[in-house]
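Every number in this text was worked out from the coordinates using simple rules, so none of it is lab data. Just so it is clear, the structure is predicted and the values come from calculations on it, not from any experiment. Every residue, glycine among them, receives a Cβ derived from its backbone with ideal geometry; neighbour counts consider all protein chains shown.
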Amino acid sequence: MTSEITIRPFSTVEDYQSCVELQEDTWGEGFSERVPSAILKVAQMLGGVSAGAYNASDGLVGFVFGMTGPRNGEVVHWSDMLAVRPEARDTGLGLRLKEYQRDAVMARGVDKMYWSFDPLQSRNAHLNIAKLGAVVRDYATDMYGQTDSPLHRGIGTDRFVALWMLSSGRVRERLASGGGAVVPEGIQDSPAALDAQREGLHLSPGTPNLTLGNDEVRVAIPSDITALMDDEVGLAREWRSATRSVFTHYLMSGYEIRGFARGPSVSYYLLARYQDAE
């Protein structure tokens, strides 16, 4: 399917409006955080990326949007939104959109890209960490406050800030392999800063362990937080609270998120002591 899809910059009023419509289809009608047509266009004029994925029969099936500007004294790109319609998910289109975005900003001399994603969404972690080779060194508690999107459903908007070092060996190797997921060896043998335990139909978080000093530790999350929110939102909030305490502690203690292993019911992040080497 992805071979039949063309990715190109938005260029017409209809292009920009269809992107706004896809945002509402993804995050909910009237979503207050949607990016309007005018900002999509202006950001593109100032070195950002506003591009869509099109197929011949259905039109716009995905898009990526980001802005370029200075951060801490260097010019970087912030990838603000990426969405793919349900029928085009799990086809590699998300990876293609990120590769397109990488090529576009590197052509403008940018070497670092940032974006945020929910630590509890295993699909996003699988793409960002295991496939793209991004790392995480920052955790933002309730980054966007309480939104009106049905996707958030009262569990807060905590976010990882992904760092994608565009020309690093780690990233080049991942993309050269065709975007195959890389699962760290021995992740299951690393001591657990947070594990999962079975209680009835769903997994619940164990007790966070904030005392570990190992070079690598692992942190469990449920593989389908959306289904958990549908069935038992209170338990989803427990996962948010437990993971928040673990991630904030270890990321502030010199660790980074370096690996991810996605399983059928439980998935694991690998945290390793921070190193400058790319």
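Counting only DSSP H runs of at least 4 residues, each contributing -39500 (n - 2.57), and dividing by the residue count of the chain, the helix-based mean residue ellipticity at 222 nm comes to -8500 deg cm²/dmol. Candidates PRO264, ASN128, ALA107 compared by Cα position along the dipole of the chain: farthest toward the positive end lies ALA107, with charges placed on Cβ. Put a dot 7 Å past the Cα of ALA56, heading toward its Cβ, do the same for THR12, and the two dots end up 1.8 nm apart. Taking 7 Å along the Cα-to-C-beta vector as the label spot, tell me the GLU24-MET252 distance in nanometres, rounded to one decimal. Modelled inter-label distance: 4.1 nm. Nearest 5 is fine: what % of DSSP beta bridges in the chain come out antiparallel, could you say? DSSP beta bridges in the chain are roughly 95 percent antiparallel. What the Kirkwood sum gives for segment 187-273 is a hydrodynamic radius of 13.0 Å, with every pair of different alpha carbons counted.
Think of each Lys and Arg Cβ as +1 and each Asp and Glu Cβ as -1; about the Cα centre, that makes the dipole of segment 26-128 roughly 160 debye.
Listed by chain and number, the lysines whose C-alpha is less than 28 Å from the C-alpha of LYS41, apart from same-chain residues fewer than 8 away, are LYS98, LYS112. Residues of segment 36-55 with an amide N closer than 11 Å to a point placed 7 Å from the Cα of TYR144 along the Cα-to-Cβ direction: none. For ARG172 and GLU199, the FRET efficiency from 1/(1 + (r/R0)^6), where r spans their Cβ atoms and R0 equals 51 Å, is about 0.75. For the listed peptides 119-125, 85-91, 260-266, a ranking on the average number of other beta carbons within 10 Å per residue, highest first, reads 119-125, 260-266, 85-91. In a reduced charge model with +1 at each Lys and Arg Cβ and -1 at each Asp and Glu Cβ, the chain shows a dipole moment near 640 debye about its Cα centre.
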